[in-house]
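Report on one structure; see the data block that follows.
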Amino acid sequence: MNKPEKAALLSALLFPGIGHFYLRAYLRGSLLLLIALAAATKIAQIAFQRAMAILDMLNGGEVPVDSATVAELLSQSTSGADDLTVNISALIFCACWLAGIVDSYRIGKASGPYRK
């Protein structure tokens, strides 16, 4: 496996920006990594808040504790602002992931002769 392919696989399979670090393109790698990490953190934060709200309802006795009720609560839509934030964050994360794969491969190819 040559250097551009290895860099692209690192970005694809681990996290956006890791392939850039392998190619010593630290600034680009850091930028991709930080943006993707911020988007993933926002998604996790909203999911955690939603889970805590459901847990509070269960602990407060507002809803019965059974798997069907919990599944129904999970499938219900949250506020429009949270849904929009999650969708935008997911789009940013996917864009960073794709950009990391393509750009690390492109940088690896442009770096001239490479070893396997």
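In segment 87-97, which residue that is within 11 Å of the chain's Cα centre (by Cα) and not hydroxyl-bearing (S, T, Y) is surrounded by the most Cβ atoms within 10 Å (Cβ to Cβ)?
Restricting attention to segment 87-97, the residues satisfying the condition of being within 11 Å of the chain's Cα centre (by Cα) are 89-97.
With not hydroxyl-bearing (S, T, Y) added as a condition, the list becomes 90-97.
Numbers: A90: 14, L91: 11, I92: 17, F93: 19, C94: 13, A95: 15, C96: 24, W97: 18.
Top of the filtered list is C96.
One residue alone among L32, L9, L14 is in contact with a Cys (Cβ under 8 Å, 6 or more places away or on another chain) and under 30 Å from R106 (Cβ atoms), and that residue is L32.
When T69, T41 are checked against the criterion of being among the β-branched types (V, I, T) and under 30 Å from S11 (Cα atoms), a single residue qualifies: T41.
On the basis of being surrounded by 18 or more Cβ atoms within 10 Å (Cβ to Cβ), in contact with a His (Cβ under 7 Å, 6 or more places away or on another chain) and either outside any loop (DSSP other than H, G, I, E, B) or not small (G, A, S) (or both), does L10 make the cut?
Numbers: surrounded by 18 or more Cβ atoms within 10 Å (Cβ to Cβ): yes; in contact with a His (Cβ under 7 Å, 6 or more places away or on another chain): no; either outside any loop (DSSP other than H, G, I, E, B) or not small (G, A, S) (or both): yes.
Criteria not met by L10.
Here I54 clears all of (1) aliphatic (A, V, I, L, M); (2) touching a Leu at 6+ places or on another chain (Cβ under 8 Å); (3) within 20 Å of C94 (Cα to Cα) except the condition numbered (3). Note on segment 25-116: enclosed helices (runs of 4 or more DSSP H) holding 1 or more residues that are without any contact (Cβ under 8 Å) to a residue 60 or more places away in the chain, among the β-branched types (V, I, T) and under 30 Å from E5 (Cβ atoms) are 26-59, 80-110.
Rule-based calculations on the coordinates, nothing more; no lab input. The structure presented is a predicted model; accordingly, all values stated were derived computationally and were not measured. Heads up, the Cβs are rebuilt from the backbone with ideal geometry, glycines too, and the neighbour counts pull from every protein chain shown.
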